[in-house]
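Chemist: Here's a structure for you.
Derivation of every value follows stated rules applied to the coordinates shown; laboratory data play no part. Everything numeric in this text was worked out from a predicted model, so none of it was measured. Using ideal geometry, Cβ is built from the backbone for each residue, glycine included, and neighbour counts are taken over all protein chains shown.
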Amino acid sequence: MTPSSLPTPERSAEAVLGNRVLLAAIGIAALASIGLGLKFVDSGLAIGATLILLAIAGAGFALGAQRLASRYVMTFVLMGFVALHIQLAQGMLELHFGVFVALAFLLVYRDWKLIVFGAAVIAVHHVLFDRLQAAGGKAWWHEETGLVHGYLRARHTVRRARESFTRIIDSIKMLGHQEWTHPAHAAVTSGTAR
């Protein structure tokens, strides 16, 4: 049974689960933002941006998980925290992996459009920060051309990279065909999720 053919109560349960998972991830991201701000000397930005993003998340959560707008708002906030983490850590490459972690969290919704939206938010972030840097502004980001391209090349020669890449592609295909079979979603559709 595909998600689009599920009865409304089950789809609502999935949306509620998704919003709860994202709210927890947002809470952790908020704490991380404050920690990063204190460590990298920009606590004013950390506190101010965190409060704004938390207010937006609260409004999105209050809309109710059954509303599509709520899921888009929660996605925007989570990706916003990733962008904030990168800025607060002055562009540390390690924090760029937060993009992939956040995109993985979005799988809980079982909606490929939210993943594309999350990726688009980060793409816009990169373009804006590139332009800010070019204009002499205080924005941090690094483009590591070898990282992604190296991974894509490694999939042809390194077994673990090939297996990882195959899993990613297969998961995206399953999600696009609404055939995602994650255990958390099985609990939702069987009515055993809280």
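Chemist: Taking the simple approach of a point 7 Å from Cα along Cα-to-Cβ for both M92 and S171, what is their distance in nm?
Modeler: 2.4 nm
Chemist: Farthest toward the dipole's positive end in region 20-130, which of L45, A55, Q87, given Cβ charges of +1 (Lys, Arg) and -1 (Asp, Glu) about the Cα centre?
Modeler: A55
Chemist: Right, here's the next one. Order 161-174, 13-26 from most to least packed using the mean count of other Cβ atoms within 10 Å.
Modeler: Values: 161-174: 12.9, 13-26: 20.4.
Highest mean packing first, the order is 13-26, 161-174.
Chemist: For region 52-58, what does the Karplus curve 6.51 cos²θ - 1.76 cosθ + 1.60, with θ = phi - 60°, yield as ³J(HN,Hα) per residue in whole Hz, taken in order and with x for Gly and Pro?
Modeler: Coupling constants for region 52-58: 5, 5, 5, 5, 5, 4, x Hz.
Chemist: Still on this structure, please answer the following. Sticking with the crude label model, points 7 Å out along Cα→Cβ, report the distance from A135 to V16 in nm, one decimal please.
Modeler: Rounded to a tenth, the inter-label distance reads 4.5 nm.
Chemist: To continue, here is another question. Which of the three applies to region 24-118, rounded, prolate or oblate, going by the alpha-carbon gyration tensor with a ≥ b ≥ c and a/c under 1.5 meaning rounded? Intermediate values should be presented prior to the final figure.
Modeler: Numbers: a/c = 2.80, a/b = 1.51, b/c = 1.85.
Cα axes put region 24-118 in the oblate bin.
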